[in-house]
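See below for the structure under consideration.
The values are calculated or read from the model by the stated rules, or taken from the named source; none is laboratory data. Being a predicted model, the structure only gives us computed values, none of them experimental. Using ideal geometry, Cβ is built from the backbone for each residue, glycine included, and neighbour counts are taken over all protein chains shown.
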Amino acid sequence: MRGDVPVPRDIPSKGPCYGTDKQDCRIEEYYWRPRITGPKHSILVIRCATHKKTFTIYPAGFGPYQRLPMANTAYATSHLENNQGEHPREAFQDTQFQAAVDASEGEAWPREWRDGPRKWWETQRRRIAKMLVLLGLDPEMEETKRIQVTQLLNVEHMLVLEKKRAIEGKPGYRCRGHGVASMLKALMKSGNPVERLLLAGHQVGLWGMPLWWDADWGIIRKIPFRLARQENPV
Ligand SMILES: [Zn+2]
């Protein structure tokens with residue numbers, strides 16, 4: 001561990017630059033860069049001497065440039081079969097979803113700016129809105145985007161529409177938080193959704209393309225989910 005961030009099991013031997021030409025990567029150095037804003041921990045920066053590229057390694061569960069993870073590290077790195085049936089509270093404490101999970105249980109963050117932006121009403125409201133987009137539940141989002149998210153998250157389009165309708169015209173934080181939390185529960189039933197959430201976030205423009213360091217194979221890969229065939233909106 002370094003601070004509260006686990007050091008990767010191995011440093012990647014290839015960068016995202018691998019395959020751009022016939023030369024192999026030569027990962028020569030890495031260092032920890034302190035974050036000026038966002039998480040208190042440093043992030044790992046690696047440089048490929050061959051391709052003269054520098055890239056950043058985020059701990060498991062983080063979207064690129066995100067200050068908070070999608071799921072806590074223990075959950076993000078655990079095996080699928082161990083995750084079924086877990087409650088969102090445990091898996092998503094101190095993550096981008098916490099604002100919504102708190103809201104679903106009627107826990108409103110303080111209206112006064114007391115503990116800074118981490119626990120402030122406006123922050124809670126903004127994060128819930130962002131997670132509604134990520135999960136395809138935002139009533140205002142384009143239907144084509146919603147369908148793409150639905151496919152990436154591998155959930156029934158009808159289920160998403162049903163949850164979207166439940167919050168339509170109801171801007172209350174508790175109702176919207178419940179929409180997010182109930183969708184998380186549905187996602188968790190079919191295994192660990194973290195990779196799919198990262199890819200869905202990219203699809204709706206919340207962050208860049210997430211790459212995955214696969215330590216078992218020693219490669220950096222794109223998350224291997226493809227959009228399923230297009231469904232017609234109902
Ligand atoms: Zn390289």
Can you tell me how many residues in the range 150-175 are out of contact with any Leu (no Cβ under 7 Å at 6 or more places or on another chain) and β-branched (Val, Ile, Thr)?
1
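Every residue, every condition in (1) within 16 Å of the ligand (Cβ to nearest atom); (2) under 10 Å from the mean Cα position of the chain (by Cα); (3) at pLDDT below 85, yes or no:
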{"position": "ARG35", "(1), (2), (3)": "no, no, yes"}
{"position": "THR50", "(1), (2), (3)": "yes, no, no"}
{"position": "THR54", "(1), (2), (3)": "yes, no, no"}
{"position": "GLY63", "(1), (2), (3)": "no, yes, yes"}
{"position": "ALA74", "(1), (2), (3)": "no, no, yes"}
Which condition number in (1) of a type in the set (A, V, I, L, M); (2) at pLDDT 90 or above; (3) in a helix (DSSP H, G or I) is the one that LEU137 fails?
(3)
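So, of the residues in the range 37-48 that are modelled with pLDDT under 75 and either within 16 Å of the ligand (Cβ to nearest atom) or polar (S, T, N, Q) (or both), which turns out to be surrounded by the fewest Cβ atoms within 10 Å (Cβ to Cβ)?
THR37
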When every residue in the range 194-219 that is β-branched (Val, Ile, Thr) and within 21 Å of MET183 (Cα to Cα) is compared, the one modelled with the highest pLDDT is VAL204
Does any residue in the range 12-31 that is of a type in the set (Gly, Ala, Ser) come within less than 9 Å, Cβ to Cβ, of a residue that is more than 8 Å from the ligand (Cβ to nearest atom) and in a loop (DSSP other than H, G, I, E, B) six or more places away or on a different chain, and which pairs are these?
SER13/GLY218
Do any residues in the range 152-178 that are of a type in the set (Asp, Glu) have Cβ atoms under 8 Å from those of residues that are assigned to a helix (DSSP H, G or I), where the two are at least six apart or on different chains, and which pairs are they?
GLU156/THR150
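How many residues does the range 156-215 contain that are small (Gly, Ala, Ser) and in a helix (DSSP H, G or I)? Walk me through it before giving the result.
Here is the first cut: in the range 156-215, the residues small (Gly, Ala, Ser) are 166, 169, 172, 177, 179, 181-182, 186, 190-191, 200-201, 205, 208, 215.
Retained after the next criterion (residues that are in a helix (DSSP H, G or I)): 166, 177, 179, 181-182, 186, 200-201.
The number of residues fulfilling the criteria is 8.
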